[in-house]
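Everything on this sheet refers to the single structure shown next.
The values are calculated or read from the model by the stated rules, or taken from the named source; none is laboratory data. As the structure is a prediction and not an experimental result, all values here were calculated from the model. A quick note on method: Cβ atoms are made from the backbone with ideal geometry, for glycine too, and the neighbour counts reach across all protein chains shown. For the accessible areas, the whole protein counts, side chains as well, though only heavy atoms, and no ligand, DNA or RNA atoms are used. Shrake-Rupley method; radii C 1.70, N 1.55, O 1.52, S 1.80 Å.
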Amino acid sequence: MTDSATNSRYFLTTPIYYVNARPHLGHAYSTIVCDAIARRKRALGIETWFLTGTDEHGQKIERSAEKAGRSPQEFADAISGEFSGLWQRLGISNDDFIRTTSERHKRGTQKLFTELRNRGFIYKGSYTGQYCVSDELYVDGPPGTVCPDCGRVTETVSEENYFFKLSAFERKLLEFYEANPDFMGPESTRREVISFVRGGLKDLSVSRTSFSWGIPVPGDEKHVIYVWLDALANYMTALGYGSDDPADQTRFAKFWPADLHLIGKEISRFHCVYWPAFLMAAGIPLPRAVRANGWLLFDQGKMSKSRGNIVRADTVQEVLGVDALRYFLLREIPFGQDGGFSFEALVQRYNGDLANGYGNLVSRVVNMVHKYFGGVLPEAGIPTAAEDALRESALCAIAAFGPEFDAMNFSEALKSLWSLVAETDGYLTANAPWKRPTDRPEAEHVLLQARVLATAAEAIRIITALVYPILPDAAAKVWLQLGQGEIADAAKNAFLTQISWGGLQAGTHFAEPAPLFPRAEKDAVARMQQIEEQNSLSVIEAAGGKAVSANGPVSAIEPVSVNEPALINEPVLKGHDFSRAVIATKNAGALAPEAKTNTKEAIMSEESAKQKSWDNAPVDSIGVQAQDEAWAYETVAQASAPVPTEPAAPTPAPPPVAEPQHITIDDFIKVDLRVAQILVAERIPKADKLLRLEVDLGYEKRQILAGIAQYYEPEKLVGRKIIIVANLAPRKMRGLESNGMLLAASLEGGAPVLAGFLEDVPLGARLK
Ligand code: MSP
């Protein structure tokens, strides 16, 4: 995060969220990170504007609305309301919430489009490509390519479109990245973006005629503006770009350019290539920094609706409180990397760091000030070496926390602050103000109590001030207990600029102690799981039109995700009832990034636009149990009992069946077959038949247990490219989770021969 050039104002944004998927922890993660930054900036006296919102246009939303029997606007209203409602419940401190269907946004986006056209960067051209008439989408590939969505053969069509001269910005962008090394991060994002641009940029189609749910192109209303141009413009339209109102113009002049666009890593191309190019072309200053967060993983996959592996923030809030969630996300996941979420890890962190750590420390000290000094902070008196040491540590914590936080190393910042929590705890225990040794005179003991409690309380004050942006609720309670009043008022007065040792005055009246982080009960994990189960049940009912939610709002709409393959007309599935799943490989990874295509410029259909990764890969799909797995070499499927003892021997090929059972192309495309490379192969103790493999799919790594130990030496497998069924429901064996299945020919006697390729094939490539 680079500091604002002026240092006196700061504008930061989250991505605007699609209204197809209802909010889950993945969305909450990006928003919470921004909220913590915004709170710290404000408490440093920096005038801050924090923007979030929803992205509501596009063909998929149009279609999802149709399926739900609603107008697109009604549909968008319902889901957008879920996002804004959740942010309110979580106490997110955004200053504005932009919706791309709002008038102010439409006006500003049209202005940007016009500006680009007037400056000669948008021209009308025609596009020829493969089109699936049934699904109304462009598919990348040569004539004859099959639609990844419905399996029908595509047609070659030509369409008139507006194009943006992206090709003119290749060199300028590279020069810009060179001159502004802090513009994008983390390093992996920077490298990917630069190599993408170096690979060559082609002009970008920025209008569509195949659907109408979008912002009309000014003066040519049969076209709607490309969703990403529409979406990216939100960062300016929300500030007032395109408005004639002087107040809007002042706000825009004051806060633009943005200091930070915080995004998920999968959308860095849009923010680091297209967005700066649009702005350069329009003659508008570029944002100062774009930072990409990694993915929140759950059950080893990216948390997403279509995988059915989502957890909602409401669930955690209900059981442990919102601060627990904030702390976990920022402490547990080094920013920029992917990070696993599990209820177990959450409860462990909560109990260890919050309930037994900070919460317990505060409660001990505040209680003792009440017990021994009637709630009035005593004079600390003359410090001994122990107090000097704690003071030193607190000063170090102050010096370390800010820079770590501002560099977005939240986890490190918290780690170092929590050493001060531990040290203060240790200091209390070592001095035991609650226990008077028989040889210590009463008066001397009271002096010790005063010194120790006043010193510990001061350390708590510092910890609380620093951690306020991350634990706003808890910090507010502690601030009150320390007799410091409302922390929100302190934040308005830029209290973080004055944090130094010695701020607590003797004579301060402490408020009554109040519980901060009650220890999580043993059943906390089960409770959260149960709430999620109930929620998914209520979603199922919602899909059938009888929405009843035990927790949080459930609208009757259960939309289909835009950017991920979706369960059509099916609710989120939890547990293992995959029999009901209808998988659609919408937006499957077959669509390459447009700059790599052989057409003039691949039109980023709404579908492929949402295929947001760098290469073909991330088909985000829910595991689906193949109807007939016998054709594939199912290495672990035999062990279907919950606690398998020994993996079953490999299955020989099934005897030919009398009646050939045909499947349709629709059945076939349910199975997500992918190229993977074995990174690690090892035996599993006490399991003669199983090997534990770690495989790389290009877009993610995963663990697969394969019953091939009797036939393959693990060392010889490393580096080998294989084919896996990537969307098989995970299974647990010997306490290890298997995520996928290898394909192999099954020879007589059960010996498997792994399937592979003669040619070199990229990792993650899909087999069709
Ligand atoms: N609408 C576009 C963004 C346009 S911004 C001009 C979009 N929306 S999205 O809803 O699909 O995702 C938005 C963001 O949600 C991601 O970029 C990311 O920040 C966050 N996340 C959604 N799922 C996530 C995880 N599982 N983990 C971490 N963040 C995730 O893309």
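What residue, among those in the stretch 327-336 that are of a type in the set (F, W, Y) and in a helix (DSSP H, G or I), is farthest from the ligand (Cβ to nearest atom)?
Y327
Identify, from the list T384, T424, the residue that is surrounded by 20 or more Cβ atoms within 10 Å (Cβ to Cβ) and polar (S, T, N, Q).
None of the other options fit; the residue is T424.
E392: touching a helix residue (DSSP H, G or I) at 6+ places or on another chain (Cβ under 8 Å), open to solvent by 10 Å² or more (accessible area, probe 1.4 Å) and modelled with pLDDT of 95 or more, yes or no?
No; evaluated as a whole, the condition is false for this residue.
In the stretch 77-111, what count of residues is obtained for those that are out of contact with any strand residue (DSSP E or B) (no Cβ under 6 Å at 6 or more places or on another chain) and farther than 21 Å from P216 by Cα?
13
Can you tell me how many residues in the stretch 519-538 are of a type in the set (A, V, I, L, M), touching a residue at least 60 places away in the same chain (Cβ under 8 Å) and assigned to a helix (DSSP H, G or I)?
Qualifying residue count for the region: 4.
Is it the case, given these coordinates, that R731 is within 17 Å of V680 (Cα to Cα), under 29 Å from the mean Cα position of the chain (by Cα), charged (D, E, K, R) and open to solvent by 10 Å² or more (accessible area, probe 1.4 Å)?
It is false that R731 is within 17 Å of V680 (Cα to Cα), under 29 Å from the mean Cα position of the chain (by Cα), charged (D, E, K, R) and open to solvent by 10 Å² or more (accessible area, probe 1.4 Å).
Report those strands (runs of 3 or more DSSP E) wholly inside the stretch 217-326 carrying at least 1 residues which are touching a His at 6+ places or on another chain (Cβ under 7 Å), within 15 Å of the ligand (Cβ to nearest atom) and modelled with pLDDT of 95 or more.
Strands (runs of 3 or more DSSP E) meeting the threshold: 260-264, 290-293.
Hey, does the stretch 708-723 have a residue that's over 17 Å from I684 (Cα atoms) and surrounded by fewer than 15 Cβ atoms within 10 Å (Cβ to Cβ)?
Within the stretch 708-723, one or more residues are over 17 Å from I684 (Cα atoms) and surrounded by fewer than 15 Cβ atoms within 10 Å (Cβ to Cβ).
Please enumerate the residues belonging to the stretch 17-30 that are open to solvent by less than 10 Å² (accessible area, probe 1.4 Å), more than 8 Å from the ligand (Cβ to nearest atom) and over 9 Å from the mean Cα position of the chain (by Cα).
Answer for the stretch 17-30, where residues must be open to solvent by less than 10 Å² (accessible area, probe 1.4 Å), more than 8 Å from the ligand (Cβ to nearest atom) and over 9 Å from the mean Cα position of the chain (by Cα): just V19.
Just one of (1) assigned to a loop (DSSP other than H, G, I, E, B); (2) near the ligand (Cβ under 10 Å from one of its atoms) trips up C34, so point out which.
Here C34 clears every test but (1).
When you look at T6, is it closer than 17 Å to A238 by Cα and either β-branched (V, I, T) or at pLDDT 95 or above (or both), yes or no?
no
So if I check each of A520, A556, A490, which one is surrounded by 13 or more Cβ atoms within 10 Å (Cβ to Cβ), touching a helix residue (DSSP H, G or I) at 6+ places or on another chain (Cβ under 9 Å) and at pLDDT below 50?
A556
If you take the residues in the stretch 202-226 that are among the hydrophobic types (A, V, I, L, M, F, W, C) and open to solvent by 10 Å² or more (accessible area, probe 1.4 Å), which one is farthest from Y241 (Cα to Cα)?
Looking at the filtered set, the residue picked out is F211.
Considering only residues that are part of a loop (DSSP other than H, G, I, E, B) and modelled with pLDDT under 95, look in the stretch 49-69 and name the one that is farthest from the ligand (Cβ to nearest atom).
If we take residues in the stretch 49-69 being part of a loop (DSSP other than H, G, I, E, B) and modelled with pLDDT under 95, then G69 is farthest from the ligand (Cβ to nearest atom).
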